[in-house]
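Presented below is the structure to which this report refers.
Throughout, read-outs are computed from the coordinates displayed, never taken from laboratory work. For clarity, every value in this text was computed on a predicted model and none was experimentally measured. Here the Cβ positions follow ideal geometry from the backbone for every residue, glycine too, while neighbour counts run over all protein chains shown.
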Amino acid sequence: MNKVYKNISSIIKITLIFVFIFSLQKVNIINEKDKVSNENINKTLDLTAMAMKYNEMQLADINYPLDTYTGDLTGYVANCPLCSGYLGCTGAYVGNGTTSYNDSTYGNVYILASSKNLSCGSIVRMNVSSISSDPIYGIVLDRGVTGTSLDMLVSSNDIATTTIGRKRITYDVLRYGWTRNAN
């Protein structure tokens with residue numbers, strides 16, 4: 001009887017092993033329609049190409065700052081004692097009261113004087129609450145300022161001294177020169 005019991009026990013064990021193996025095989029059977037393929041497994045990521053594309057996207061956004069500076073903002077009039085009434089970058093006459101310029105990309109912007117740190121035609125954006133609650137856009141069309149300071153062309157000495165005065169500002173450069181390229 002002991003022998004019969006051992007044989008039955010062995011048969012049960014073998015049967016259980018076969019059932020277990022068969023169930024594992026059945027779990028691993030996947031229909032073709034359920035398969036998902038990933039063809040990107042062996043492809044590498046080109047970080048240089050991604051960085052170039054990201055920079056290209058930033059340059060396409062005309063309001064994305066290329067650089068940020070801090071300097072003083074002052075006002076000046078075209079007929080000041082050291083002014084000729086002509087813009088240093090274009091030679092245009094502004095002694096007739098002209099204080100803005102119609103840029104093909106940024107529209108009507110204020111005329112600014114800068115040092116040679118900013119090329120002629122550079123566009124800047126600044127926030128000056130005493131002039132406007134909206135951001136102020138300006139274009140560098142004149143010279144005569146040192147460092148990173150800016151001088152805004154205005155129509156009268158009163159506006160230059162009372163409205164603008166001398167303010168410490170931070171401004172964004174949106175364009176260097178006449179084309180939007182990173183410096």
Inset, instruction - Would you please list the contacts, defined by Cβ atoms under 9 Å and residues six or more apart or on different chains, that run from a residue in region 75-86 that is within 8 Å of Leu153 (Cβ to Cβ) to a residue that is among the aromatic types (Phe, Trp, Tyr)? - result: Ala78/Tyr86; Ala78/Tyr93
Legend entry - Qualifying residues in region 74-133 (those that are of a type in the set (Phe, Trp, Tyr) and surrounded by 13 or more Cβ atoms within 10 Å (Cβ to Cβ)) - the one nearest to the chain's Cα centre (by Cα): Tyr106
Inset, instruction - Only residues that are free of Cβ contacts under 8 Å to residues at least 60 places away in the same chain, under 30 Å from Tyr54 (Cβ atoms) and among the hydroxyl-bearing types (Ser, Thr, Tyr): list them for region 87-111, please. - result: Ser104
Legend entry - Positions within region 134-179 being surrounded by fewer than 19 Cβ atoms within 10 Å (Cβ to Cβ) and among the basic types (Lys, Arg), in sequence order: Arg143, Arg166, Lys167, Arg168
